[in-house]
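This is the structure, below, for whatever I ask next.
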Amino acid sequence: MARPSRLLKLTALAAFPALCAVSAQAAPTTLTIATINNPDMIVLQKLSTQFEQAHPDIKLRWVTLEEGVLRQRVTTDIATGSGQFDLMTIGGYEAPLWAKKGWLAPLDMPASYDTADLLPTVRDGLSQGGKLFAVPFYAESSM
C-alpha cells in the first residue's frame, strides 16, 4: 500500500483521526513514527495499543531516537522525501521553518480540537503565515 503523502508529516498524534479516516478505507496500514526517546514518548508508545485496538486497520511502528539523532534523521527524511517516516515529532524550531519550505501541510483540525486553547506563544511558534502546521504534546521554555 502506498504511504500517505510526505506532506502529512506531523508533530502530533492528535492528527491521527483525520489520517485514520483516509486509511480505514484501504488495506491495513502501518504508520512508522519517529520520536524522541524521552519518558513522555515512551508512555505514548505504550498507550498506542489502545489506538490499534480502536483502529484495527492501522498498525503503529515506533522508531525512538536520541534528540540529536532524531533531528538529523527526520530532517534528512523530509528534505529528501525519502519517506522513512509517516509521522514524526519535531520541535518548535523546525515547524515554522519546514512550513515555510513547503515541507509541511497546514493542519485542518477537527472542531473538537480547540486551537484557541493553546498558549498563544506555542500556537504562534507552530504556525507560519497564520496557519497551524503542528500541534504540541507539551511545551517547555528555558530561562
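Of these, 71, 61, which one is among the charged types (D, E, K, R) and in contact with a Leu (Cβ under 8 Å, 6 or more places away or on another chain)? Give the derivation first.
Numbers: 71 fails: in contact with a Leu (Cβ under 8 Å, 6 or more places away or on another chain).
Step by step, each of 71, 61 is checked, and only 61 is among the charged types (D, E, K, R) and in contact with a Leu (Cβ under 8 Å, 6 or more places away or on another chain).
Can you tell me how many residues within segment 126-138 are in contact with a helix residue (DSSP H, G or I) (Cβ under 7 Å, 6 or more places away or on another chain) and open to solvent by 30 Å² or more (accessible area, probe 1.4 Å)?
Selection size over segment 126-138: 4.
A further question on this structure: Among the residues that make up segment 56-72, is at least one of them surrounded by fewer than 12 Cβ atoms within 10 Å (Cβ to Cβ), over 25 Å from residue 37 (Cβ atoms) and under 15 Å from the mean Cα position of the chain (by Cα)?
Within segment 56-72, not a single residue is surrounded by fewer than 12 Cβ atoms within 10 Å (Cβ to Cβ), over 25 Å from residue 37 (Cβ atoms) and under 15 Å from the mean Cα position of the chain (by Cα).
Take segment 93-121 and flag every residue that is free of Cβ contacts under 8 Å to residues at least 24 places away in the same chain, open to solvent by 60 Å² or more (accessible area, probe 1.4 Å) and more than 24 Å from residue 70 (Cα to Cα).
Those that are free of Cβ contacts under 8 Å to residues at least 24 places away in the same chain, open to solvent by 60 Å² or more (accessible area, probe 1.4 Å) and more than 24 Å from residue 70 (Cα to Cα): 111, 112, 114, 116, 117, 119, 120, 121.
Answer with yes or no whether residue 44 is touching a strand residue (DSSP E or B) at 6+ places or on another chain (Cβ under 8 Å) and within 18 Å of residue 136 (Cα to Cα).
yes
Applying the selection to segment 23-46, what residues are of a type in the set (A, V, I, L, M, F, W, C), surrounded by fewer than 12 Cβ atoms within 10 Å (Cβ to Cβ) and at pLDDT 90 or above?
Scanning segment 23-46 gives a single hit, 43.
The values are calculated or read from the model by the stated rules, or taken from the named source; none is laboratory data. Not measured: the values here are computed from a predicted model. In this analysis, Cβ positions are derived from the backbone assuming ideal geometry, glycine residues included, and neighbour counts consider all displayed protein chains. Heavy atoms of the whole protein, side chains included, go into the accessibility calculation; ligands, DNA and RNA do not. Shrake-Rupley method; radii C 1.70, N 1.55, O 1.52, S 1.80 Å.
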